[in-house]
1. Of 31, 16, which residue is surrounded by 13 or more Cβ atoms within 10 Å (Cβ to Cβ) and in contact with a Cys (Cβ under 8 Å, 6 or more places away or on another chain)?
2. Could you please let me know if residue 73 is crowded, with 18+ Cβ neighbours inside 10 Å and closer than 28 Å to residue 129 by Cβ?
3. Could you please let me know if residue 53 is in contact with a strand residue (DSSP E or B) (Cβ under 7 Å, 6 or more places away or on another chain), outside any helix (DSSP H, G or I) and free of Cβ contacts under 8 Å to residues at least 40 places away in the same chain?
4. Looking only at the range 65-88, count every residue that is within 16 Å of the ligand (Cβ to nearest atom), aliphatic (A, V, I, L, M) and free of Cβ contacts under 8 Å to residues at least 60 places away in the same chain and tell me the total.
5. If you check residue 7 against the conditions, is it in contact (Cβ under 8 Å) with a residue 60 or more places away in the chain, within 16 Å of the ligand (Cβ to nearest atom) and within 11 Å of the chain's Cα centre (by Cα)?
6. Restricting attention to the range 89-124, report how many residues are over 18 Å from residue 15 (Cβ atoms), outside any helix (DSSP H, G or I) and within 16 Å of the ligand (Cβ to nearest atom).
7. Taking the criterion of being at pLDDT below 95, buried (at least 16 other Cβ atoms within 10 Å of the Cβ) and under 22 Å from residue 37 (Cβ atoms), would at least one residue in the range 123-133 satisfy it?
8. Would you confirm whether any residue within the range 67-82 is touching a Pro at 6+ places or on another chain (Cβ under 8 Å), farther than 17 Å from residue 2 by Cβ and part of a helix (DSSP H, G or I)?
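The values are calculated or read from the model by the stated rules, or taken from the named source; none is laboratory data. Here the structure is a predicted model, which is why all the values come from computation and not from measurement. Cβ placement follows ideal geometry from the backbone for every residue including glycine, while neighbour counts extend to all protein chains displayed.
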Amino acid sequence: MEYSEKVMEHFVNPHNVGKIDDADGVGEVGNAKCGDIMKMYLKIDNGIITDVKFNTYGCASAIATSSMATDLIKGQPISEALKLTNKAVVEALDGLPAVKIHCSVLAEQAIKAAVRDYYDKNGIEYDEAQFHFNEAHEHGVEE
Ligand code: FES
């Protein structure tokens, strides 16, 4: 299996790994295909994601995509983070082997789940459609 240099970089030296104890939003999702789990922590200030960390039992591809995804949303407004797709993350990593695409869905879903947790905790109303996981069925991923 061929991994791009960027995937290897982010796998060997992943960014934003860990836990935020006083996180404003926490999201945990599982991948039905492989059983791996991803946990995402967000710090949110005035609608901006000021910090983000992740923990996963996922594989190299899950680690690399989460590292890249968290880099991409750090410092961004929530609205931008919700627009981030696993496809955009895979592109930023110069691609993933086709059989590994399902791993990249974990990061996108965990970010969305963490934002939803933040909204729920703060009584912020939201449109369910924003949290619709397009890839979910295709890749057999549970919410
Ligand atoms: Fe489970 Fe990649 S094999 S996340």
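1. 31
2. Yes, satisfied.
3. yes
4. 1
5. Here the answer is no, as residue 7 does not meet what is asked.
6. Total meeting the criteria: 2.
7. For the range 123-133, residues at pLDDT below 95, buried (at least 16 other Cβ atoms within 10 Å of the Cβ) and under 22 Å from residue 37 (Cβ atoms): present.
8. yes
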